[in-house]
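Here, each number is a calculation from the coordinates, and none is a lab measurement. Quick caveat, the model's predicted, so the values are computed rather than measured. Note that each Cβ is placed from the backbone with ideal geometry, even for glycine, and that neighbours are counted across all protein chains shown.
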């Protein structure tokens, strides 16, 4: 068995095993995924892919961290930071527009209306919630480093390293499966589990093209952390309470609408040859 294969297998065993054990503890104690106590108990799971990467790089393959993308790379890749946030927000806004056009939503919402940021239980005007999340997003980057340092700082640059399209598809599939226990327990409001597994996995595969592109072109995992923070914070704390469940727009439909824009971005990256690093990271 080659060193690379040994490292990948060890990473997967650790990333899946440690995470699922932590989530299992939360459920064993009787907490649902929507319970703040579950989030508190399962905080370590946010960092298990990074922990797996550190263990593999330091002690199993002993390859070190030279190509791990830990550096911020502002000088070379500063542009990818604002681009990451703007790209994710723009796709979310376009999904809402498409939902209105397809009559999944009635265009009755207003930026002067009220919304709730669920995690903080804050009742704010829509524009206030948007600005607050905009300020919080970069502060949350270290939290999402816990995943990105694993998936993009190790797995995606090791799997099929000379075939970035296949690497993105495979990493996206694995990353989606890693989330499956959460989906089985009602994560993100999915109801039809069979359909939601397919739509969610399709989304993680398409997202992996974007995360992989940010990682390779910037030479850093941190723009991907900003994209991930924007993705999760604005979906869970803004777009979901405002739009999901209104009219005919459920999480599964949202996923399928997102395929359109994420798919177009992924296709553009493939056609333009953007899925390869500028220089060794």
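For region 123-219, the normalised intensity computed at q = 0.13, 0.20, 0.21 Å⁻¹ comes to -0.58, -1.03, -1.07 (log10 of I(q)/I(0), Debye sum over alpha carbons, equal scatterers, no solvent). Apply the Debye scattering formula to region 160-281, with a single equal point scatterer on each alpha-carbon and no solvent, then give log10 I(q)/I(0) at q = 0.21 Å⁻¹. Debye curve over Cα of region 160-281, log10 I(q)/I(0) at q = 0.21 Å⁻¹: -1.26.
Viscosity 0.890 mPa s, temperature 25 °C: Stokes-Einstein D of region 219-281 from its Kirkwood Cα radius, in µm² per second?
Answer from the Stokes-Einstein relation: 176 µm²/s.
Would you mind checking the tilt of helix 80-101 against the longest principal axis of the Cα atoms of the chain, expressed as 0 to 90 degrees and rounded to 10? Taking the Cα atoms of the chain, the angle to 80-101 is about 40 degrees. Label-to-label distance, residue 193 versus residue 39, with points set 7 angstrom from Cα along the beta-carbon direction: 2.4 nm. Taken along the Cα-to-beta-carbon direction at a fixed 7 Å, the label points for residue 276 and residue 122 span 4.5 nm.
Helix 126-139 and the longest principal axis of the C-alpha atoms of the chain enclose an angle of approximately 10°.
Its DSSP H runs of at least 4 residues, each contributing -39,500 (n - 2.57), put the calculated 222 nm mean residue ellipticity of the chain at -20500 deg cm²/dmol, to the nearest 500.
Give me the Kirkwood hydrodynamic radius of region 62-173, using the inverse of the mean 1/r over all pairs of distinct Cα atoms, in Å to one decimal. Mean inverse Cα-Cα distance, inverted, gives 17.4 Å.
For region 1-141, take the convex hull of the Cα atoms, compute a quarter of its surface area, and give me that in nm², please.
Mean projected area for region 1-141: 12.9 nm², to one decimal.
Computed from the C-beta positions of residue 21 and residue 65 and an R0 of 30 Å, the FRET efficiency is 0.70 to the nearest 0.05. Computed from Cα atoms, the angle from the helix 164-184 axis to the main principal axis of the chain rounds to 60 degrees. Annotation: extensible slack from residue 5 through residue 101 equals 29.8 nm (criterion: 0.36 nm per residue apart, minus Cα-Cα distance). For region 4-64, the ratio of Cα radius of gyration to the globular rule of thumb 2.2 N^0.38 Å stands at 1.30.
The length gained by stretching the chain between residue 76 and residue 260 to full extension, at 0.36 nm per residue less their Cα-Cα distance, is 63.2 nm.
Using a simple spin-label model with pseudo-atoms 7 Å out from Cα toward Cβ, residue 240 and residue 90 lie 2.6 nm apart.
Over all Cα atoms in the chain, the spread is summed up by Rg and Dmax: 18.6, 60 Å.
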